[in-house]
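Chemist: Before anything else, here's the structure in question.
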Amino acid sequence: MRPSPLSLLLAGLLCVGTAHAGEAAHVHAVGAWIRVLPGALPAGGYVTLRNDGDQPAVLTGASSPAYGSVMLHQSSTETGMGRMRMVDRLEVPAHGQVALSPGGYHLMLMDAAGLVQPGQTVRVSLRFADGSTLATDFLAKPANAL
């Protein structure tokens, strides 16, 4: 019996879906939270990413329906001056972890679609170099949270 075009299409889509499980399938997000600032100021997103896989996973970006833009940044202090720069990628080592935390790597969540209050949960999709994504719930905390 010859397979129908529909069954071939469905089989192909299943293979594509499996291929995109990739890096994100081995990464776990722990302790995800955002620091909500007053008014229209951007929020900072923090999380520890643990990679149980045998290969590094490379975080390349993020998005959220609650924010118009989410960027990966790194804070540093040089000659007594605080600086922040956008980064294109962050490697999570095989069988290791990376912390996005205040004063270091973090997500900048900009252009909130609405008012985000402490106690709310914000969904953020973390995007990896192979195209896979990890949907993560971030707990909104007040500006003075550590």
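The values are calculated or read from the model by the stated rules, or taken from the named source; none is laboratory data. Just so we're clear, the structure is a prediction, and the values are computed from it rather than from any experiment. Backbone-built Cβ (ideal geometry, glycine too); neighbour counts: all protein chains shown. The area values use the complete protein model at the heavy-atom level, side chains included, leaving out ligands, DNA and RNA. Shrake-Rupley method; radii C 1.70, N 1.55, O 1.52, S 1.80 Å.
Chemist: Determine the order of His73, His26 by accessible area, beginning with the largest, at a probe radius of 1.4 Å.
Modeler: Result of the area sort, largest leading: His26, His73.
Chemist: Carbon and sulfur: what percent of segment 21-146's accessible surface (1.4 Å probe)?
Modeler: 53
Chemist: List the pair-distance distribution P(r) of the chain, using every Cα-Cα distance, as the percent of pairs falling in each 10 Å bin from 0 up to the bin containing the longest distance, rounded to whole percents.
Modeler: 11, 36, 29, 14, 6, 2, 1, 0
Chemist: Still on this structure: Could you check the spin-label model distance between Arg85 and Ala143? Points 7 Å from the Cα along Cα→Cβ, value in nm.
Modeler: Between Arg85 and Ala143, the simple spin-label model gives 2.9 nm.
Chemist: Quote the accessible area belonging to Thr133 in square angstrom, nearest 10, computed with a 1.4 Å probe and with ligands, DNA and RNA left uncounted.
Modeler: 80
Chemist: What does the helix-only formula give at 222 nm for the chain: each DSSP H stretch with n ≥ 4 adding -39500 (n - 2.57), the total divided by the residues, and the result rounded to the nearest 500 deg cm²/dmol?
Modeler: -3500 deg cm²/dmol
Chemist: Please give me the summed charge of the neighbours of Tyr67: other residues whose Cβ is under 15 Å from its Cβ, Lys and Arg +1, Asp and Glu -1.
Modeler: Charge balance near Tyr67 sits at +1.
Chemist: For helix 5-19, report the angle its Cα long axis makes with the longest principal axis of the Cα atoms of the chain; keep it between 0 and 90° and round to the nearest 10°.
Modeler: Compared with the principal axis, the helix lies near 40 degrees.
Chemist: Moving to a separate point now. How many Å² of accessible area per residue for the chain, probe 1.4 Å?
Modeler: On a per-residue basis, 58 Å².
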